[in-house]
Amino acid sequence: MTSKLLTAEELEVADPFAAVELFHEKGWTDGLPIIPPTRERVLPFLEHAGLAPDHVLGEIPERDRVLTAEHLAINAVMAGCLPAYMPVLVAAVEAITDPAYKFNHMASLGSPWPMFIVNGPLARVLGFNSGLYLFGPTTRPNATCARAMSLLLWNCAEARPDGIQRGQWGNPFRSVGFIAEDETTAWDPLHVALGLPRETSTVTAISLYPGLHQLHCPRSTPEGLLDTLVDDLSTSEFFRGTYTVFVSPQHAAIFIEHGWTKRDVRDYLWKRCRRSVADLKRRGTWGVMADKPDAFADFTRDIMPGDEERFVYLFEPNEYDRFMQSPGALERRADVYVVVGGGNAGIRMAYVVPYGVSTDPVTKPVRTTAA
């Protein structure tokens with residue numbers, strides 16, 4: 001299937017070091033050195049995925065861009081990937097070009113970027129890290145797949161500071177946000193919880209604001225552990241969407257010992273994550289999303305009698321949504337994804353905050369050959 005000619009321009013350089021300097025000069029890299037994407041290196045990636053160079057992986061109508069297998073293979077070589085990673089990267093591209101993902105939100109001033117979670121047998125076969133130092137530079141697949149996606153969007157979708165990227169602070173998940181879930185506990189892994197067969201390998205793309213919220217959780221009951229999380233979630237960005245909560249294997253064991261499923265964890269958080277109207281006014285977020293706020297009689301940002309007893313729920317739709325959620329956010333899916341990972345190095349949980357306006361997570365199966 002790869003007999004078709006590659007369409008990318010071929011350039012002659014003196015040696016690999018000259019190639020690196022050329023890519024820096026042309027702005028085709030992210031500040032780090034690259035592996036020169038020669039024909040001999042690119043073709044095995046296409047062959048491993050069973051894809052022709054011109055096979056369309058996805059379209060980005062907001063940018064008038066089409067991402068092909070050749071585009072992905074070139075950038076995967078540049079990032080230092082192995083050909084075996086190509087099917088996983090294909091699924092990642094299919095996820096972020098799915099209409100539900102709404103690609104153009106990545107131009108936001110809030111610096112959102114996708115985190116990719118790999119589930120299923122292929123995560124273990126390829127050696128994706130799900131344990132210690134989960135969001136640090138660890139294994140080759142984690143690091144190079146994250147960079148491959150970054151370079152692909154940098155070079156083929158203008159996702160760079162001199163293109164569409166307008167984020168104020170940037171997002172470190174761009175470099176480290178390709179991870180796997182620890183599937184050794186009795187809990188169903190994420191893809192099974194989402195209704196897919198356990199033997200299927202998947203990639204889930206979730207758009208996030210920058211930063212990992214890490215919490216010290218020394219308690220030994222499910223309720224005690226989650227109350228710490230409820231308190232922090234309720235005082236974070238307070239944007240409705242799909243939050244991803246990371247639970248260590250040792251904490252997962254506590255939940256499992258008490259008969260709690262991932263769904264039980266999700267439901268506990270769903271019912272309890274809330275904030276009073278008074279708190280939201282003190283923070284200055286009450287009404288910031290309101291459409292024509294002057295039309296609402298109770299819009300005032302002054303704390304009024306009863307505001308301490310009026311609550312806005314993070315996940316549950318309620319009468320105050322018109323003050324707290326933009327129209328785009330109200331169309332989004334609210335949920336909690338529970339993911340096991342990070343090893344048993346401490347009594348901490350963590351979570352990430354979803355982008356707060358217009359995108360939903362997307363999960364795609366990994367195919368080892370083209371459909």
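The values are calculated or read from the model by the stated rules, or taken from the named source; none is laboratory data. All of these numbers come straight from a predicted model, not from anything done at the bench. Cβ sites come from the backbone with ideal geometry, for glycine too, and all protein chains shown count toward neighbours.
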Looking at Arg166, Arg160, Arg174 in this structure, which one is under 16 Å from the mean Cα position of the chain (by Cα) and either within 15 Å of Pro112 (Cβ to Cβ) or at pLDDT below 95 (or both)? Arg174
Looking only at the range 265-289, filter to residues that are over 13 Å from Met324 (Cα atoms) and surrounded by fewer than 15 Cβ atoms within 10 Å (Cβ to Cβ); which one of those is nearest to the chain's Cα centre (by Cα)? Asp267
Within the range 125-136, is even one residue out of contact with any Lys or Arg (no Cβ under 9 Å at 6 or more places or on another chain), in the same structural domain as Pro365 (by TED's automatic domain parsing) and of a type in the set (S, T, N, Q)? yes
Could you check how many residues of the range 199-212 are in contact with a helix residue (DSSP H, G or I) (Cβ under 8 Å, 6 or more places away or on another chain), assigned to a loop (DSSP other than H, G, I, E, B) and small (Gly, Ala, Ser)? 1
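What strands (runs of 3 or more DSSP E) lie completely within the range 278-371 and have 1 or more residues being closer than 14 Å to Ser234 by Cα and modelled with pLDDT of 80 or more? Before you say what the answer is, go through the steps one by one.
Details: elements: 311-313, 335-340, 348-352, 362-365.
Result: 311-313, 335-340, 348-352.
Just name the residue that is nearest to Val352 (Cα to Cα) out of those in the range 190-236 that are hydroxyl-bearing (Ser, Thr, Tyr) and touching a Cys at 6+ places or on another chain (Cβ under 7 Å). Give the derivation first.
Filtering the range 190-236 down to residues hydroxyl-bearing (Ser, Thr, Tyr) leaves 200-202, 204, 207, 209, 220-221, 228, 234-236.
Filter once more, keeping what is touching a Cys at 6+ places or on another chain (Cβ under 7 Å): 228, 234.
Values: Thr228: 15, Ser234: 13 Å.
Of everything passing the filter in the range 190-236, Ser234 is nearest to Val352 (Cα to Cα).
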Out of the range 192-207, which residues are surrounded by fewer than 24 Cβ atoms within 10 Å (Cβ to Cβ) and either in contact with a strand residue (DSSP E or B) (Cβ under 6 Å, 6 or more places away or on another chain) or of a type in the set (A, V, I, L, M, F, W, C) (or both)? Val192, Ala193, Leu194, Leu196, Thr200
Would the range 144-160 turn up any residue that is closer than 17 Å to Thr204 by Cα and outside any helix (DSSP H, G or I)? no
Go through Leu196, Leu215 for me and flag whichever is in contact with an Asp or Glu (Cβ under 9 Å, 6 or more places away or on another chain), hydrophobic (A, V, I, L, M, F, W, C) and not in a helix (DSSP H, G or I). Leu215
Take the residues in the range 158-186 that are among the aliphatic types (A, V, I, L, M) and buried (at least 22 other Cβ atoms within 10 Å of the Cβ); name whichever of them is nearest to Arg65 (Cα to Cα). Ala159
Of the residues that sit in the range 218-245 and are out of contact with any Lys or Arg (no Cβ under 9 Å at 6 or more places or on another chain) and in a strand (DSSP E or B), which one is farthest from Ala146 (Cα to Cα)? Tyr243
Can you name every residue in the range 208-252 that is of a type in the set (Gly, Ala, Ser) and surrounded by 15 or more Cβ atoms within 10 Å (Cβ to Cβ)? Gly211, Ser234, Ser236, Gly241, Ser248, Ala252
